[in-house]
Each structure stands twice: as structure tokens, then as C-alpha cells.
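Notes for the one structure printed next.
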Amino acid sequence: MLYEKVLRPGLWSVSANDAEIAHRLTIRSLAALEHVPGALELIRSTQKIGEQEPVTLCGITFPNRLGLAAGCDKHAEALLALFALGFGHIEVGTILPRPQEGNPRPRLFRLPEDHSVINRMGFNSHGADTVAKRLARYRRLGPMPGPVGLSLGKMKTTDNAVASVDFIDVLRTLVLYGDYLVGNVSSPNTPELRELQGKAYLTALVRSIVEADRECRARLKLAPRPLFVKIAPDNMSRFALEQTLEAIVEGGGSGVIVCNTTTERPESLVHPLKNEAGGLSGPRLFSTMLALVRKVRELHPEMPIIAVGGISSRLDAVKALRAGADLVQIYTGLVFQGPKLIRDILQTPL
């Protein structure tokens, strides 16, 4: 209620012409709270998350099945505050080897009537070195409350033929941090990135990332990190999906994240900004995501699946898990519902 009646109207009023302002204010405010004595305990007590049942996936124990999708805390600025809200895992990124501005602003658009968001951020990143310093600071404070995933990407100017160099540069810089890795080959806002989902590209890319991580971690006597591949919802015929999943398996990947934002524009959208370029997220993506999860589970009964895309209620989360997902993630729903969405989903064990 506090978010919907007070905080959201305030944030939206100061970001009427650029929704990214509200996002930055939110992350900076959460980051500031981490330095206020007792603030995180107050957040946890206010959230009143129900007792949860931990789940183990790829050898990693997750306190609960709900995570925060990549794109929210891109640069690892407010992890402890976000965990205090109740998340069982948080995905950082997408992280690039070097800083990148991304696309010109405005590049983030709210569609309130549709409870949806369009973004064309274009992999804006503080760079792997900065993220590593922040994760090092968190490590000095003690163990994280839950697993942290690292979403890896490539620079806009890097040709697909050598894309693995960028992915490997990021994982090497962050060799000490993160519980699992994500290969983001599906953002619609980096030119030609989705071509990396083709079997020839993807098999080689996954294999190179897996081998590089194994070698880097072995030198430090650390276990290799599982690698998930985040796939697109668009143009994913059964054959294309089969090829993508085969590439993940043949390359040595661990699982799949279903799915990224869509370039499709359902006719049911009504907001005037519905045709802005970029990836659409929100409830209109949910049925597509759900169908993809079912197909993945049918094609690969044992493959670990993280479902993300339009989950806006506890029922949505339950449907995704019943369709075959092992974990679920949210992001866009938070824009419209705030922390209440986390409480609703985790009122009892998923």
C-alpha cells in the first residue's frame, strides 16, 4: 500500500519524461539504506515473508524459488537491500568487460494501462572491474543471504565471430564472485546479438565460456560455476528451440533461462508508447514464456530451467513452476506493485 499510494506516485512524477530516473533513484535509495544501522532488519520484518523451503539446483542451494531478474541491479549496487526484500537469488548485469553507455535516453518506457515496460537500454554497464570491486566489498561484509548470478554480455562493437572474448573477459575479472553464470545472447537491443542463439555460434560460445571458467577457477581451487543461457521468446519455432537447447547441452552448459523481452507488440496493448522500439516485458509476455517453458521441459526433461517473463502474481509463479520451471524471477511486476509482489508470491512456500 505504501508503495502504490505514496512511493510509486512520487517516483513516477519525477520521472514522467524518463522512466530511468525512477529506476536510478530506487537503486540508489536501496544502496543508501545498506549503510543505515537497522534498516535491513526493518525491511525484512516489514516484508513478513512466509517460511520457505530451500531448493538445490546445479549444486547450489537457493533459500526460496523466487529471484530478481537481471536488469534491475545491473551494477551490483544494492544486493543486501534487495535480498532483505525476500529474494532467494539475485542476478546482476548484464555485465560487460568495459564500461558502455548504452543507447541514447530516453530508453525506458512505462505502459501503465498494460502493466508493461519497453526498454532499449542497449547493455549500459559500469564494466566488470567496477562490479568486481563492489562484489569484493560485499564479500568483506560476510556471506550473501542467497546465490548471486552474473549475466555476461558482449560490447556493442564486438563482432559475433569473437564474442566469446568479451564473455570470457568478464568471467575472468569476476572469477572470485558469483554462484552461477548467464550467457545473455537474447537481448533485442544489441545489434545481431540474437544471432548467437544459432547452433553453430552457440555451441562454440557455450563451450568456450565453460572451459574458460573451469580453467580460471581451477587455478584458485574453486569449483566451476554453472552456466545458464538466456533465450529469446521471438521466432522460437520448435526446431529453433531444439537447436538452441542442443547447443547448450553439447557446449557443456547447465541450464536455460526462459526468456528475455520480446520485440512483438500484441494487439491488446493500448498505451500510446506501445510502438517504441525495444524489448517488451510484462503480463503480455507471460503466455509465451509459459509455452516455452513447457517445450523446454518436454524436449529436455532434466534440464534446469529458470522462468522469467510477465510473472505478476503468486498464481503466475505457481503456473511457471508447474509448467516445468525450477526457479522463477520477476522484475517488471515490481515497477507496478513494489515489494508487495514479493510478499504475495512468498506468502507460503512455492
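Readers should treat all values here as calculations from the given coordinates under stated rules, not as data from a laboratory. The shown structure was predicted, so the numbers you read here are calculated from the model rather than taken from an experiment. Here the Cβ is made from the backbone with ideal geometry for all residues, glycine too, and neighbour counts use every protein chain on show.
For the residues 186, 208, the requirement of being in contact (Cβ under 8 Å) with a residue 24 or more places away in the chain, in a loop (DSSP other than H, G, I, E, B) and within 24 Å of residue 306 (Cα to Cα) singles out 186.
Scanning the range 214-241 for residues that are in a helix (DSSP H, G or I) and either over 23 Å from the mean Cα position of the chain (by Cα) or farther than 21 Å from residue 326 by Cα (or both) gives 214, 215, 216, 217, 218, 219, 238, 239, 240.
Does the range 246-261 contain at least one residue that is in contact with an Asp or Glu (Cβ under 6 Å, 6 or more places away or on another chain), among the β-branched types (Val, Ile, Thr) and part of a loop (DSSP other than H, G, I, E, B)?
Filtering the range 246-261 down to residues in contact with an Asp or Glu (Cβ under 6 Å, 6 or more places away or on another chain) leaves none.
No, every residue in the range 246-261 fails to be in contact with an Asp or Glu (Cβ under 6 Å, 6 or more places away or on another chain), among the β-branched types (Val, Ile, Thr) and part of a loop (DSSP other than H, G, I, E, B).
Selection over the range 295-336 of residues that are of a type outside the set (Ser, Thr, Tyr) and under 18 Å from the mean Cα position of the chain (by Cα) gives a count of 22. Just checking: which of the strands (runs of 3 or more DSSP E) contained wholly in the range 53-116 hold 2 or more residues that are in contact with a strand residue (DSSP E or B) (Cβ under 8 Å, 6 or more places away or on another chain), touching a residue at least 12 places away in the same chain (Cβ under 8 Å) and within 22 Å of residue 338 (Cα to Cα)? Ranges flagged: 66-68, 89-95, 108-111. When 9, 37 are checked against the criterion of being out of contact with any Lys or Arg (no Cβ under 9 Å at 6 or more places or on another chain), within 28 Å of residue 137 (Cβ to Cβ) and surrounded by fewer than 13 Cβ atoms within 10 Å (Cβ to Cβ), 37 stands alone in meeting it.
Starting from the range 308-331, keep only residues that are touching a residue at least 24 places away in the same chain (Cβ under 8 Å) and assigned to a helix (DSSP H, G or I), then list their pairs with residues that are β-branched (Val, Ile, Thr) and buried (at least 24 other Cβ atoms within 10 Å of the Cβ) whose Cβ atoms are within a distance under 6 Å, requiring at least 6 positions of separation or different chains. From residues that are touching a residue at least 24 places away in the same chain (Cβ under 8 Å) and assigned to a helix (DSSP H, G or I), the pairs are 314/345; 317/311; 317/328; 317/345; 320/328; 323/293. Among the numbered conditions (1) over 21 Å from residue 151 (Cβ atoms); (2) touching a residue at least 12 places away in the same chain (Cβ under 8 Å); (3) out of contact with any Leu (no Cβ under 6 Å at 6 or more places or on another chain), the only one that residue 124 does not meet is (1). Per the conditions (1) assigned to a helix (DSSP H, G or I); (2) surrounded by fewer than 17 Cβ atoms within 10 Å (Cβ to Cβ); (3) in contact with a Leu (Cβ under 9 Å, 6 or more places away or on another chain), the sole criterion not satisfied by residue 22 is (2).
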